[in-house]
Amino acid sequence: MPQALLIATLGILALFTTARLDADVRVDHDDVKRLRESGKILPMTQVLEVATRIQPGHLVEAELEPNHHGYRYEIKILDAAGHLHELEIDASTGILIDKEER
């Protein structure tokens, strides 16, 4: 039984370590250009159109971030009532992954 517990613990640690490594990776403008030219990500303008259709308002921030499936855009929009909305959009498909109001 202790061996099974050790294996499970190591598996969980590996998952957290991988997630943390993804969070530490930065995407610079050369990376974005390469990803766009290769067709791996959609242009920011197209993703912003999707985001503002989902949540009308003023763009506050937009970032391209790596995740375990590829890349995602994190878009922050301030609505007319002053609420901040954070949208995560898949960078290759333009599909909404998650939406939160802060």
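The values are calculated or read from the model by the stated rules, or taken from the named source; none is laboratory data. All of these numbers come straight from a predicted model, not from anything done at the bench. With ideal geometry, Cβ positions are generated from the backbone for all residues, glycine too; neighbour counts draw on all protein chains shown.
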### Task
Can you give me the number of residues within segment 71-102 that are under 9 Å from the mean Cα position of the chain (by Cα) and closer than 18 Å to Lys33 by Cα?
6
### Task
Give the residues of segment 55-96 that are of a type in the set (Val, Ile, Thr) and surrounded by 15 or more Cβ atoms within 10 Å (Cβ to Cβ), sorted by residue number.
Ile75, Ile77, Ile89
### Query
Which of the residues belonging to segment 47-96 are touching a Pro at 6+ places or on another chain (Cβ under 9 Å) and either farther than 20 Å from Asp30 by Cα or among the β-branched types (Val, Ile, Thr) (or both)?
Ile77, Asp79, Ala80
### Message
Criterion first (in contact with a strand residue (DSSP E or B) (Cβ under 9 Å, 6 or more places away or on another chain) and either at pLDDT 95 or above or part of a strand (DSSP E or B) (or both)) does Arg53 satisfy it?
### Response
no
### Task
May I ask you to list pairs of residues, at least six apart or on different chains, whose Cβ atoms are under 6 Å apart, with the first in segment 89-100 being closer than 15 Å to Ala62 by Cβ and the second being aromatic (Phe, Trp, Tyr) and part of a strand (DSSP E or B)?
Ile89/Tyr73; Ala91/Tyr71; Ala91/Tyr73
